[in-house]
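**Student:** Dropping the structure in here first, questions after.
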Amino acid sequence: MQEISPAIGYFIERGVPLETVALLLMLPIVVTLIAFFRQVVGIKAFGIYTPAIVTFAFLAVPQLRYGVVVFVAVVFVGMLMRYALRKLRILYLPRVAITLSIVAFAILSLLALGGSMQRTGLAAVSIFPILIMITIVEKFVVTQIEKGDRAAIILALETLVISLAGYALASWSFLGNLVLSHPWIVLVTIPVNIFLGKWDGLRITEYIRFREVFKNIR
């Protein structure tokens with residue numbers, strides 16, 4: 001039987017679902033992991049909020065692969081709509097509204113396709129993770145406008161990588177049991193983030209990028 005801290009039991013007795021408590025306690029750990037990737041590794045992604053919510057969207061789908069399929073489909077359709085709407089020369093918000101509408105129809109078609117192919121897990125994906133994935137479209141379009149297609153695709157891929165890492169961490173049964181039995185361990189993320197906030201060294205990606213320079217210095 002899983003050991004649960006009295007503090008967790010307090011919330012459960014007052015009607016808070018155990019899954020909700022577990023996910024909220026996982027949030028500080030996930031965002032700390034994202035901060036580590038950004039500050040130490042050098043993977044930027046779409047900020048810190050987007051990879052975090054995509055991580056929890058992955059946790060909400062029946063199988064991880066279906067979450068990845070929806071993510072890729074959203075980004076791909078969003079990129080196509082950027083080109084399709086370019087000639088219309090309309091304002092930003094109406095353009096995003098049209099893009100979101102087309103993405104919604106595309107995802108609906110994808111779910112129907114999954115059902116027709118007997119991929120019941122894909123067809124049964126709930127609205128919550130789908131809506132989260134669709135919110136990526138606006139971030140993607142903004143990045144396309146400001147930095148170009150290549151930068152937008154790279155940031156989308158980086159967001160996917162970090163979200164997958166967050167999913168692996170949040171779905172780790174050992175960590176989940178540890179958090180439920182010793183919830184105060186989550187507070188360790190505060191000094192870790194203070195350390196990351198004072199990080200002034202080179203990032204791992206910078207070491208890789210400038211490896212030839214370091215060879216010449218040596």
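The values are calculated or read from the model by the stated rules, or taken from the named source; none is laboratory data. The structure displayed is predicted, hence computed values, not measured ones. The accessibility values were calculated without ligands, DNA or RNA, using every heavy atom of the protein model including side chains. Shrake-Rupley method; radii C 1.70, N 1.55, O 1.52, S 1.80 Å.
**Student:** Kindly identify the stretch 72-169 as rounded, prolate or oblate by the Cα gyration tensor criterion: order the square roots of the eigenvalues as a ≥ b ≥ c, call it rounded if a/c is under 1.5, otherwise compare a/b with b/c, prolate if a/b is larger, else oblate.
**Tutor:** Values: a/c = 2.33, a/b = 1.32, b/c = 1.77.
Note, shape of the stretch 72-169 comes out oblate.
**Student:** I've got another one for you. Could you tell me what percent of the accessible area of the chain is made up of carbon and sulfur, with a 1.4 Å probe and every protein chain present? Spell out each step's value before the answer.
**Tutor:** Details: 8860 of 13010 Å².
Accessible surface attributable to carbon and sulfur in the chain totals 68 percent.
**Student:** If S5, S126 are ordered by their accessible area, calculated over protein heavy atoms with a 1.4 Å probe, which sequence runs from highest to lowest?
**Tutor:** Working: S5 10, S126 50 Å².
Largest accessible area first, the list is S126, S5.
**Student:** Assign one of three labels to the stretch 157-212, namely rounded, prolate or oblate, based on the Cα gyration tensor with a ≥ b ≥ c the square roots of its eigenvalues; rounded applies when a/c is under 1.5, prolate when it is not and a/b is larger than b/c, and oblate otherwise.
**Tutor:** Oblate, since a/c reaches 1.5 and b/c is not below a/b.
**Student:** Using a 1.4 angstrom probe on the protein heavy atoms only, line up L18, L196 by accessible area, largest first.
**Tutor:** L18, L196
**Student:** Also: Output the relative contact order of the chain, whole-number percent, from Cα pairs under 8 angstrom with separation of 6+ residues.
**Tutor:** The normalised contact order for the chain reaches 38 percent.
**Student:** With springs connecting C-alpha atoms under 10 Å apart, model the chain as a Gaussian network and identify which of I190, I53, I90 has the largest mean-square fluctuation.
**Tutor:** I90
**Student:** In Å², and per residue, what accessible area does the stretch 1-107 have when probed at 1.4 Å with the other protein chains present?
**Tutor:** For the stretch 1-107, the solvent-accessible area averages 55 Å² per residue.
**Student:** Could you compute how much accessible surface W172 exposes when probed at 1.4 Å, giving the result in Å² to the nearest 10?
**Tutor:** Roughly 130 Å² of W172 is accessible to a 1.4 Å probe.
**Student:** If you don't mind, another one. From the protein chains alone at 1.4 Å, what is the descending order of accessible area for Y92, Y66, Y49, largest first?
**Tutor:** Y49, Y92, Y66
**Student:** Same structure, new question: Report which label in (1) 13.5; (2) 12.4; (3) 16.7 holds the value of mean projected area of the Cα convex hull in nm² derived from the coordinates of this structure.
**Tutor:** (3)
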